[in-house]
Amino acid sequence: MPPPGTGLFVDPEFPACVSSLVGAGDSPLPPLCERITWRRPQEICAAPRLFPEDNRDALGAQGILGDCWFICACSALQKSPALLQHVFPAGQYTWEDQGYTGRFTCRFWRFGRWVDVTIDDRLPCLGHKLCFSHCQDHGAFWLPLLEKAYAKLHGSYEALWAGQVVDALVDLTGGLVERWSLELANESFKEEIICRMLDLKEHCAMSCSVHKREGSGDLGQFHAFTITDIQQGFTKDGQSLLLFRVHNPWGRSCWEGSWGQSGDNWALMDQVESSRFLTQIQDGEFWVEKAEFFREFHEVTLAFPVVKKLCIQSIWTGSLLSYTQQINGSWINGQNAGGSRNNVSFPENPKFWLRVRMQSEVYLTLMQRPRDKIGSSNNSSRTLQHGTSNHTTGTAIGLHIWKVKNRHFNLQKTILTTPVVGTSSHSYDRQLQLRCELSPGYHLLIPSTFLRDIEGDFLLRVLSSGPITLSEVSSNKPLEQESEDKMPGVWETLEFKGQWKKSNRNAGGSRNFPSYHLNPRFSFRVSTNTEVVKITLCQHNQENACHAIGFHVYLVLVDGSLPLFSQEPCASCVPHSHTLEVCKICHLAPGQYVVVPSTYLPDQECKFSIFISTKTERKPIKSEETLGQILKEVSVISLMK
């Protein structure tokens with residue numbers, strides 16, 4: 001092994017200087033920078049290693065950086081050897097290896113793909129001690145190296161000052177994460193939460209958070225903890241107890257409740273039983289009884305198990321979510337940023353087809369792209385070093401899903417019905433998640449922002465137990481509008497297919513010929529709130545062999561008769577033109593109409609399509625969607641002495 005600093009890798013993209021420590025300078029970290037030095041692990045301890053022998057000694061402690069949310073999420077890697085080997089690839093040379101170079105690579109899942117981040121192993125210290133995260137075993141360095149790579153991904157250590165466990169879990173697992181509000185849970189759901197946690201404690205990373213000062217106040221505010229175990233115990237008189245073992249990233253106990261290390265309630269157990277619990281806790285851990293747990297903590301965050309080949313397993317059914325589809329999209333002001341269902345412009349949002357092939361358990365996630373574009377294809381030092389702090393708040397996003405009979409449907413009528421599943425409140429979260437059981441067929445997915453005209457990029461991802469297909473609904477080109485047409489509305493289009501054939505005696509030609517009445521006819525209705533009608537006739541022919549085409553529109557009389565020759569057309573698209581498509585925009589009074597397409601000359605054969613688009617005033621959607629709360633988990637402890 002080379003002496004420290006001799007011929008070892010030095011990362012030019014994330015140097016050992018102040019720019020890697022702080023970015024915007026909006027945290028308590030900047031005043032400490034002058035005291036921070038950078039040291040390699042062999043300069044910190046005599047025998048550094050990547051992982052401890054005992055997995056329990058890999059528990060993380062926080063240091064002076066407010067990234068409790070990230071440290072809690074790292075417990076997911078301890079639950080899945082396959083995931084740990086993917087995030088921290090095996091085969092890297094460490095300090096005891098002959099090929100050690102001081103270079104390490106970690107992987108993070110960012111906006112739909114895994115991103116490699118390479119760093120050197122120079123770590124921030126105060127004196128000769130790590131000043132940020134460290135393991136329970138001070139000779140193990142996987143956690144501070146992973147933290148450094150995550151800081152590089154975000155642009156600086158300061159960017160990790162505040163965040164959410166759910167975001168870090170997604171970045172580390174590439175999977176699904178659920179959050180359960182303990183404040184809003186009724187007794188039935190609390191029991192369901194307990195059952196889920198007991199079943200999954202060996203396989204899932206579990207975290208609990210405090211959002212405000214309530215109860216004892218010992219646990220701090222906006223602080224995240226790791227749930228390391230759940231066990232059943234018994235009092236001397238045989239009463240059953242359920243105790244949660246909780247780890248504080250501060251690395252010291254902060255709980256002085258009745259089941260704290262010196263709490264009174266241990267006397268309720270016999271000495272053997274109480275000793276069994278107390279001997280299990282390490283620095284920073286404490287036991288909390290079930291009633292205290294629901295009283296003191298406000299939220300539980302749980303990552304879905306990641307099994308072999310990084311397949312995600314449902315926490316509700318145990319099914320493998322083997323089928324995954326994802327697609328990128330954008331909200332663009334003036335085009336498709338329609339806002340929430342509170343807005344009449346909601347149908348303008350991007351729309352997607354989800355085809356489900358068989359009855360399936362389906363999870364849908366909508367992720368908004370971080371504003372710093374981290375994880376983009378241009379993984380340059382500029383991108384990495386100028387990332388935005390996690391204090392940056394995204395926009396509020398939502399997602400709704402409707403079942404439709406087929407891909408030809410009435411959009412306005414569909415969105416006025418109740419969705420199969422949807423967000424009850426638009427959320428500022430980076431990623432929202434929905435779970436549902438979907439039957440075979442087509443489903444319409446509409447992601448939205450809360451306010452209209454808000455721009456942003458997003459990733460729509462679907463994971464399913466059965467085969468699925470995800471695709472974007474093709475957006476029609478903007479329909480021509482006359483200058484006086486200023487009222488917001490919705491275009492609804494009918495499509496008719498037809499054919500002029502001599503053998504069918506329906507190729508009647510134009511009104512110049514007595515056979516005109518033989519031409520095909522297509523009926524449509526104009527309602528009382530219709531503003532404008534656009535009729536388009538397309539011939540399916542080679543461009544160099546076009547017939548001259550046109551059409552006339554007639555009002556159907558009250559008795560249903562259609563005397564074509566005694567009535568002038570209400571609208572016409574003439575003269576006939578040698579072109580693939582002709583179009584006419586017109587205002588028509590309410591009533592029943594017929595459009596008659598024709599070629600100029602009789603007996604000319606061709607297939608054609610007619611599109612009749614009516615623009616109506618959009619009906620208001622009965623929806624009162626709300627905004628969610630912005631939460632960031634952050635904590636800071638006293639400086640190391």
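The values are calculated or read from the model by the stated rules, or taken from the named source; none is laboratory data. These numbers were taken from a predicted model, which means no experiment stands behind them. As a convention, Cβ positions derive from the backbone with ideal geometry for all residues, glycine included, and neighbour counts pool all protein chains shown.
What to note about this one:
Matching residues to (1) in contact with a strand residue (DSSP E or B) (Cβ under 8 Å, 6 or more places away or on another chain); (2) crowded, with 18+ Cβ neighbours inside 10 Å; (3) not in a loop (DSSP other than H, G, I, E, B); (4) not basic (Lys, Arg):
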| position | (1), (2), (3), (4) |
| --- | --- |
| Ser258 | yes, no, no, yes |
| Asn265 | yes, no, yes, yes |
| Ile281 | yes, no, no, yes |
| Arg295 | no, no, yes, no |
| Lys309 | no, no, yes, no |
| Ile315 | yes, yes, no, yes |
| Gln335 | no, no, no, yes |
| Met367 | yes, yes, yes, yes |
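- A count restricted to segment 72-97 and to residues that are part of a helix (DSSP H, G or I), in contact with a strand residue (DSSP E or B) (Cβ under 7 Å, 6 or more places away or on another chain) and within 16 Å of Lys201 (Cβ to Cβ) stands at 3.
- Residue match in segment 404-416 (condition: surrounded by 15 or more Cβ atoms within 10 Å (Cβ to Cβ), part of a strand (DSSP E or B) and at pLDDT below 95): yes
- If you go through segment 172-187 and keep only what is assigned to a helix (DSSP H, G or I) and crowded, with 23+ Cβ neighbours inside 10 Å, you end up with Leu172, Thr173.
Yes or no, residue by residue, for (1) under 25 Å from the mean Cα position of the chain (by Cα); (2) at pLDDT 95 or above; (3) not assigned by TED's automatic domain parsing to the domain that holds Lys152:
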| site | (1), (2), (3) |
| --- | --- |
| Asp11 | no, yes, yes |
| Val22 | no, no, no |
| Asp26 | no, no, no |
| Leu32 | no, no, no |
| Gln62 | no, no, no |
| Cys68 | yes, no, no |
| Thr94 | no, no, no |
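- When residues of segment 98-127 are limited to those that are in contact with a strand residue (DSSP E or B) (Cβ under 7 Å, 6 or more places away or on another chain) and modelled with pLDDT under 95, the one farthest from Cys68 (Cα to Cα): Gly112
- Segment 493-526 - residue that is out of contact with any strand residue (DSSP E or B) (no Cβ under 7 Å at 6 or more places or on another chain) and in a helix (DSSP H, G or I) and, of those, surrounded by the fewest Cβ atoms within 10 Å (Cβ to Cβ): Pro514
- Exactly one residue out of Phe297, Phe304 is at pLDDT 95 or above, under 21 Å from Val165 (Cβ atoms) and not charged (D, E, K, R): that is Phe304.
- Scanning segment 283-337 for residues that are hydrophobic (A, V, I, L, M, F, W, C) and without any contact (Cβ under 8 Å) to a residue 24 or more places away in the chain yields Ala291, Cys311.
- Residues located in segment 239-285, provided they are at pLDDT 90 or above, of a type outside the set (S, T, N, Q) and over 30 Å from Cys74 (Cβ atoms): Trp266, Ala267, Leu268, Met269, Asp270, Val272, Glu273
- All told, Val362 falls short of being more than 28 Å from Pro440 (Cα to Cα), surrounded by 18 or more Cβ atoms within 10 Å (Cβ to Cβ) and β-branched (Val, Ile, Thr).
- Any hit, segment 154-175, residues being more than 30 Å from Leu29 (Cβ to Cβ), touching a residue at least 40 places away in the same chain (Cβ under 8 Å) and aliphatic (A, V, I, L, M): no
- Any hit, segment 628-639, residues being of a type in the set (Lys, Arg) and either in contact with a Pro (Cβ under 8 Å, 6 or more places away or on another chain) or modelled with pLDDT under 90 (or both): yes
- Any hit, segment 344-355, residues being at pLDDT 95 or above and more than 24 Å from His408 (Cα to Cα): no
- Exactly one residue out of Arg49, Arg40 is at pLDDT 95 or above, within 38 Å of the chain's Cα centre (by Cα) and either among the aromatic types (Phe, Trp, Tyr) or in the same structural domain as Lys129 (by TED's automatic domain parsing) (or both), and it is Arg40.
- Checked against (1) under 31 Å from the mean Cα position of the chain (by Cα); (2) more than 26 Å from Phe225 (Cα to Cα); (3) in contact (Cβ under 8 Å) with a residue 40 or more places away in the chain, Cys106 passes all but condition (2).
- So Val272, is it outside any loop (DSSP other than H, G, I, E, B) and touching a strand residue (DSSP E or B) at 6+ places or on another chain (Cβ under 6 Å): no
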